[in-house]
Every structure is written in C-alpha cells, then in structure tokens.
Amino acid sequence: KEKSAAIVASLASAFGPLRCDAMEVSAGTRFHQCVYLRMVPTEQLANAHALAARAFGLEPGNGGGAPYMPHLSLVYGQLTDAQREDARRDGETALLGNDAANVADASFVAAEVTLWRTDIEDLTCESWSRVDRYPLKSACDAS
C-alpha cells in the first residue's frame, strides 16, 4: 500500500489536469469494460497512461497487446449481448439525453487521481476501498 501510494503521489506531481473528451458510450465483452464512456485518445492521455503503467512495471496498453483505450467505466458485469446493449443505451440516455450528438457534454477535466485497494476476484466490488486522492499538480495545459 505505501509503495503504491508513493508511486501515485509521484505520478500526480508529474502531470497536470487531464482533458477527457467523450466520444461515445460503448459496450465491450470484458467484465471490467462492460459499458463505458469512451474518450478521445489524446497524446496527453496516452503519455499519462504510459508513465503510470511503467511506474508500476506494466506494459502500456489495454492488455493482451491491445493499444490503450481511454475510457470511464459505467458498468462492470458479465451480461448477455442484449443486456449489455440495454445498459449501453441507458448510459447514453443518462449522460447524453436523447441526442447522442451531445457527447461533448460528457467531457471533463480530471484534476485528481485516486488510488483504490481492489480484489479483482471480488466481482461485487464490495471489498474495494479508496486509499487516497492525489491532485494533479503540474502546470500542463488542460484545454
């Protein structure tokens, strides 16, 4: 826990607020990428991801050799195709109203990162707990 906290604190001081421009509400087949708000893959997000991955001794990317896909998870689960599509539509309606063209309204600037203690075997996420929040401190342009 302490080592991870030190790494995250160091990362948070290495880059500033991150602009996250929404692209669309999407659905995937992975448990932890069931329904998500997909973000525009900017160079700023890719660089922050690569720096964080390497700090934890991981290869940058989305696992299995897939390129990094910036996103905000909305639903974790093992759903049927129909359930996943219903959840995707529900997420789209909740975030964008009745007009998918409003996707820019779901964009935001991330001003902090959080460190969580997670057990990936706990599919309920009930055992997950937030360790701490870390403000992004660098003077990088977030526009």
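Under the condition of being modelled with pLDDT of 90 or more and outside any helix (DSSP H, G or I), the residues counted in region 42-66 number 7. For region 1-20, a tally of residues being farther than 15 Å from His49 by Cβ, open to solvent by 30 Å² or more (accessible area, probe 1.4 Å) and among the aliphatic types (A, V, I, L, M) returns 2. When Gly61 is tested against (1) touching a Pro at 6+ places or on another chain (Cβ under 7 Å); (2) open to solvent by 60 Å² or more (accessible area, probe 1.4 Å), exactly one condition is not met: (2).
For the criterion of being modelled with pLDDT of 95 or more and either within 13 Å of the chain's Cα centre (by Cα) or surrounded by fewer than 16 Cβ atoms within 10 Å (Cβ to Cβ) (or both), Asp86 passes. Check region 73-83 and report whether any residue there is modelled with pLDDT of 95 or more, surrounded by 13 or more Cβ atoms within 10 Å (Cβ to Cβ) and in a helix (DSSP H, G or I). Within region 73-83, one or more residues are modelled with pLDDT of 95 or more, surrounded by 13 or more Cβ atoms within 10 Å (Cβ to Cβ) and in a helix (DSSP H, G or I).
The values are calculated or read from the model by the stated rules, or taken from the named source; none is laboratory data. Computed from a predicted structure; not experimentally measured. Because the Cβ atoms are built from the backbone with ideal geometry, glycine has one as well, and the counts that use them run over all protein chains shown. Remember, those area values only see protein heavy atoms, side chains included, never the ligands or the DNA or RNA. Shrake-Rupley method; radii C 1.70, N 1.55, O 1.52, S 1.80 Å.
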